[in-house]
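Here's the structure, in structure tokens; my notes come after.
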């Protein structure tokens, strides 16, 4: 079997996926109250469309896209709006949030209705219709960056896309949501890809899957071998972090390098997450907006696993109701929204699951390790590890001492966390580099 | 003997020629500069803080000597120094009222904090990480970027909040530019009443995260007889021109957000005893 991989740098942190691997996706009982944030996508937050005491149904649009790079937000439950006010979100900023009292019976009924209908035939639809549907359903990239999918699927007319890449690498340690999704919904995934192919008029799709998921590779290989899904191929990827990074995936599969400061369509590629492809299928064929997603709840909880969570359920609810609560609350050190490498710890557990929440990771005092940062000893491990070929040590020092002239390559950093992971003196390199970005922007802008 | 003679004569000749070249060059390429510039620069505080809006003290001296620009004012120099400079140059320098920086926040331990922040201990880094433990999205985080930036050592972090010693503050604006939350504002030294809050949020929202934040109740506006309260929605501000320091608003403010700073109220204690109080970040 030919293995694809990117050339520069990369690390292989302990995977720890066995906690939740192969646990079938479960749908938890609905919470009594949910809080849906209106900034669940990259770009401008959506404008609220509902008012206090308004009765709403499952999939009703409660936030309208405000501007070109923005996305609609839909209600994941039926019930009554109790209030619309700013609240803290899982990404750490205040945003308008719609609080809804859930009508459980009605919600269950309306949710089931989505799956009972016969899927619409997407081959009869025009490109315009398909993109419009994806936009109406508020589909965003579900890998974590949450870029609105309809914008990505309408590249500028002068850029010809010839390769579609699907990221099933799931290179973050602990997370298994995409893996389980590929195992449980392969047909939805492949049909979603057919829709994306039809929109772009391309017959060349690669699904990149790391070799630590052999069953997923085998299953999708069998499906594509039947010939029902022309143009779709499987690319087994070497297990290495960050194999699922957009630029790394392009380099691994096509050998092309995205120029500095440019987007993937410059080299004729388009990268989507597996979750996005399934969401596209459900939006187009079942008219189901993006109102739930598969989330891995793992780490120091009683029953780690993969769960289909409604957007807007709070972290505390899902940890208590789905994952059986913390194993020992007094030993919990941090709760992370996302994976351990790129995720971000949440300030309190009242924040809600968002469209980009791929995992909820609870770390105990044995797994969580913090040391104060030491000085750079110039060992160069971060330089060896950087998948973008940057010099994190130089960039970090440039940010620390406010020297924009040292920060010329800072905008190429994808913030994957490899440098912070390998640093022997525990320097918080990614954080410094993140701080360096505004410094560089201000210096070059004025 | 011969060698010493040859060496000294040849080196002497080279030195003479080089000296001549330098002499000619210094006469030919001499830059004529007003000697007053040096003298004025000598009189300035020499902090190179940039508070005047120019690149440093030298630039200020050049500008004031060459352009006779009377609108220029060195915020770091006291009145006497500026008068001396004006006298030397035969100018009338208006100067204007003395301005000092004030922190529009007194949150600190009055404000609610949540979670852990283990990132880099600077305000700018905390803001970039979106992971500030301070719940108030407008308040002082207290990691001390302004303290480190202040060229006059006028800022201390006391109880997680930046406190400015107004007697030391010269109004150079370095902290104003440094604060990532734009909390620090230049206000006239003589107007000692100000609203120490920066949150434009509505009252109930403010109440959730801070006990001393402005809730926008308008009581100060009603109490003031001199129309000295500018009321932006949900955040009051004092109009320095109208304020008579009657302190009616200070008494009426239910959250004790409006502060009156007497001459020594903000004075920071001596460094040694201060260290224990300062939360070292």
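For this structure, a couple of remarks:
- Peptides A:360-368, B:26-34 ranked from most to least packed give A:360-368, B:26-34, packing being the mean of other C-beta atoms within 10 angstrom over each peptide's residues.
- Virtual spin-label span in nm between residue A:238 and residue B:211, 7 Å along Cα→Cβ: 5.9 nm
- Note: the range B:155-231, Cα convex hull, 123 Å³ per residue.
- Contact order relative to length of the range A:158-266, as percent, for alpha carbon pairs under 8 angstrom and 6 or more apart: 31 percent
- Relative contact order of chain B, defined on C-alpha pairs under 8 angstrom at six or more residues apart (%): 16 percent
- For the range A:363-426, the ratio of Cα radius of gyration to the globular rule of thumb 2.2 N^0.38 Å stands at 1.20.
- Across the range A:20-64, the residues whose backbone nitrogen lies under 11 Å from the label position 7 Å along the beta-carbon direction of residue A:108 are A:29-30.
- Share of Cα-Cα pairs in the range A:247-403 lying beyond 29 Å, as whole percent: 42 percent
- Principal axis dimensions, the range B:35-89 - Cα atoms, whole angstrom, descending: 23, 21, 20
- Kirkwood-type radius of chain B, with distances r between different C-alpha atoms, in Å: 22.3 Å
- Normalising the Debye intensity of the range A:33-116 to I(0), with uniform scatterers on Cα atoms only, and taking log10 at q = 0.17, 0.21 Å⁻¹ returns -0.66, -0.93.
- Cβ-Cβ distance of residue A:218 and residue A:42, R₀ of 45 Å, FRET efficiency by 1/(1 + (r/R0)^6): the value works out to about 0.85.
- Centre-to-centre separation between the Cα atoms of the range A:194-208 and those of the range B:140-218: 55 Å.
- Shape call, the range A:183-291: gyration tensor on alpha carbons, a/c limit 1.5: oblate
- Annotation: the antiparallel percentage among DSSP beta bridges lying fully within the range A:292-364 is about 80.
- When the Cα atoms of the range A:151-231 are aligned to their principal axes, the ranges along those axes come out at 39, 30, 18 Å in descending order.
- Global form of the range B:101-233, assessed from the alpha-carbon gyration tensor, a/c cut-off 1.5: oblate
- When DSSP beta bridges are restricted to pairs lying wholly in the protein assembly as shown, around 70% turn out antiparallel.
- Cα shape, the protein assembly as shown, gyration tensor, a/c 1.5 rule: oblate
- Calculated [θ] (222 nm, deg cm²/dmol) that DSSP helices of n ≥ 4 give over the protein assembly as shown, each run adding -39,500 (n - 2.57): -9000 deg cm²/dmol
- Theoretical FRET efficiency, 1/(1+(r/R0)^6), r = Cβ-Cβ of residue A:303 and residue A:69, R0 35 Å, to 0.05: 0.35
- For the segment A:431-443, counting C-beta atoms of other chains within 10 Å of every residue's C-beta and taking the mean gives 3.
- Using a simple spin-label model with pseudo-atoms 7 Å out from Cα toward Cβ, residue A:128 and residue B:28 lie 7.8 nm apart.
- Between 0 and 90 degrees, the angle of helix B:57-67 with respect to the longest Cα principal axis of chain B falls at about 80 degrees.
- Within the range B:1-154, the proportion of C-alpha pairs whose separation exceeds 21 Å stands at 66%.
- In the distance distribution for the range A:292-364, Cα-Cα pairs more than 18 Å apart total 25 percent.
Rule-based calculations on the coordinates, nothing more; no lab input. In this text, all values refer to a predicted model and were calculated from it rather than measured experimentally. Neighbour counts are summed over all protein chains in view; Cβ atoms, including those assigned to glycine, are modelled from backbone coordinates with ideal geometry.
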